[in-house]
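Chemist: Handing you a structure now.
The values are calculated or read from the model by the stated rules, or taken from the named source; none is laboratory data. This structure is a prediction, so every number in the text was calculated from the model and none was measured. Using ideal geometry, Cβ is built from the backbone for each residue, glycine included, and neighbour counts are taken over all protein chains shown.
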């Protein structure tokens, strides 16, 4: 590549960043925020003059981790680093985790596993400037533009409420915030001041993140004391039909499909899922609590990773507690 071409490309990128504020839709968006939420027009104009288009955000959201085969996806989350780190995190925040389980009914290992999968216990909370990520997705990613425009609006409202520097806060490529990786709308709706210090802060305060994860799952229908998933035991039907619809456990039993151990009541609704492992297909009966985990991230791979990491964390934690 010659020097002239390099200079031309560099200038092009700088021009694109400089023109971010003039993307179609931003002036109208600013007017809506002024009219609906009483923001000052000139202040928002200045905010968006500082917003940058990020091609790496588009690249990242266009290639989600769930396109990996299950075996590789699972290995990213159920490994010694996350298990050992999770046990240490559990020990360090034992009081808050115990308190969250008592209040919301969500097992401590599930809370730890969600935070472990999301941010490696707060270590990887995001490197993208939130304003850049959300602006890019809201105005340069047509497939989900409506969703991200709502989240951008929620971020502006959150910044005003929390009184933080709107240009300084970092997030994931999708604009998820903090230790718990809440989208701005979830932050405003489900985050809680769990340490009772008068401020809701899931970006720096781990106790708030713990309570917020538990509250989020509870609000989406977590059933205390109920199972998440169970490995299925197959009868004569070698390749059962996996459907989007649930059946009761009694109905699954009529097809010779049962939980491998400790089955819940026969009228419990369950969804049958299959996962490709090295030895072939692995079938799981999944329940309401599994579906709740997918509200955090709409992926069966994600929910199963959280569940299996939680199971591993519980075993490792109990072993070290003896």
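Chemist: Given the conditions (1) in contact (Cβ under 8 Å) with a residue 12 or more places away in the chain; (2) farther than 30 Å from residue 35 by Cβ; (3) out of contact with any helix residue (DSSP H, G or I) (no Cβ under 6 Å at 6 or more places or on another chain); (4) surrounded by 13 or more Cβ atoms within 10 Å (Cβ to Cβ), and given that residue 79 satisfies all but one, which numbered condition is not satisfied?
Modeler: Here residue 79 clears every test but (1).
Chemist: Scan the range 252-274 and report the pairs whose first residue is farther than 18 Å from residue 300 by Cβ and whose second residue is part of a strand (DSSP E or B), with Cβ atoms within less than 6 Å and a gap of 6+ or a chain change.
Modeler: Note: pairs meeting the criteria are 258/233; 260/231; 260/233; 267/248.
Chemist: Taking residue 24 as meeting all but one of (1) modelled with pLDDT under 95; (2) surrounded by 10 or more Cβ atoms within 10 Å (Cβ to Cβ); (3) not in a helix (DSSP H, G or I), write down the number of the exception.
Modeler: It is condition (2) that residue 24 fails.
Chemist: Continuing with the same structure: Run residue 230 past the list (1) buried (at least 17 other Cβ atoms within 10 Å of the Cβ); (2) in contact with a helix residue (DSSP H, G or I) (Cβ under 9 Å, 6 or more places away or on another chain) and report the number of the one that doesn't hold.
Modeler: (2)
Chemist: Take the conditions touching a strand residue (DSSP E or B) at 6+ places or on another chain (Cβ under 7 Å), surrounded by 21 or more Cβ atoms within 10 Å (Cβ to Cβ) and within 14 Å of residue 216 (Cα to Cα) and apply them to residue 133. Does it pass?
Modeler: On the way: touching a strand residue (DSSP E or B) at 6+ places or on another chain (Cβ under 7 Å): yes; surrounded by 21 or more Cβ atoms within 10 Å (Cβ to Cβ): yes; within 14 Å of residue 216 (Cα to Cα): no.
No, not satisfied.
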